[in-house]
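FYI, it's all coordinate maths here, none of it is from the lab. Predicted model, so just to flag it, every value in this text is computed and none were measured. In this analysis, Cβ positions are derived from the backbone assuming ideal geometry, glycine residues included, and neighbour counts consider all displayed protein chains.
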Amino acid sequence: MKISKKLNDAINTQISEELYASNGYANMAAYFNSLGLARLSELYFKQSEEEREHALKFVHYLMEVEGDVAIPAVKATTSQFESVKAALESAMAWEKDVTERINRLMDLAIEEKDYATQDFLRWYVTEQVEEEANVSHLLTLVEALGDRSIITLEAYLPR
Ligand SMILES: [Fe+2]
Ligand SMILES: [Fe+2]
């Protein structure tokens with residue numbers, strides 16, 4: 001099965017978006033570490049790895065469907081954050097943006113009656129529900145604690 005040029009290009013773009021998120025989360029993890037939030041930092045280094053896995057999953061799919069892998073330049077991400085809350089808010093914005101992008105990829109696969117790619121993309125649709133829920137949960141905790149008690153957030157995170 002050969003993927004269409006249009007979907008192939010759109011997936012290459014998405015690969016760079018996943019790598020952008022991966023870099024963004026690594027920057028965020030370093031910022032959290034600088035505040036002494038070791039567990040939150042670890043969580044975001046893990047998140048950074050997950051985004052790289054998302055990118056590579058697309059790469060492998062393109063290889064399976066006789067596509068061309070050509071990853072575009074990855075945009076620079078910020079390493080400056082005003083607060084934990086502000087950092088998590090940008091994480092939320094990235095995830096929402098990715099959800100929209102995945103939905104648009106799905107629209108394209110539906111338009112082209114590419115059933116295999118629809119099936120493949122469904123994993124990302126489900127994953128995005130979890131990704132948004134995780135950040136949202138963290139944001140709720142951070143808002144409840146406030147900046148002064150932020151260090152106690154560590155007690156709520158998985159070991
Ligand atoms: Fe992702
Ligand atoms: Fe994500």
Query raised in the report: Taking the Cα centre of each part, how many Å lie between the stretch 1-72 and the stretch 91-127?
Result: 14
Query raised in the report: Between GLU49 and VAL129, what FRET efficiency comes out of the Förster formula 1/(1 + (r/R0)^6) with R0 = 22 Å and r the beta carbon distance, rounded to 0.05?
Result: 0.65
Report task. Hey, can you grab everything whose amide H is under 5 Å from the amide H of SER4? Only 5+ residues off in sequence or another chain; H modelled, so Pro and N-termini drop out. Result -> none
Query raised in the report: Three principal axis extents, largest first, for the C-alpha atoms of the chain, in Å?
Result: 55, 25, 25
Report summary line: Nearest 10, in degrees from 0 to 90: the angle of helix 115-145 to the longest Cα principal axis of the chain is 10
Query raised in the report: Hey, what angle do you get for helix 84-111 against the long axis of the chain, alpha-carbon based, 0 to 90 degrees rounded to 10?
Result: 10
Requested in this report: Would you mind ranking ILE110, ILE3 so that the residue whose beta carbon has the fewest other beta carbons within 10 Å leads the list?
Outcome: ILE110, ILE3
**Report entry** Residue-by-residue Karplus 3J(HN,Hα) for the stretch 54-63, coefficients 6.51, -1.76, 1.60, Hz, glycine and proline x
**Finding:** 4, 4, 5, 4, 5, 4, 5, 4, 4, 5
Report summary line: In this structure, the FRET efficiency calculated for LYS85 and THR13 from their beta-carbon separation, with R0 = 25 Å, to the nearest 0.05, is 0.25
Query raised in the report: Tell me, in nm to one decimal, what length is gained between GLU143 and LYS57 on full extension, where the rule is 0.36 nm per residue of separation less the Cα-Cα distance?
Result: 27.6 nm
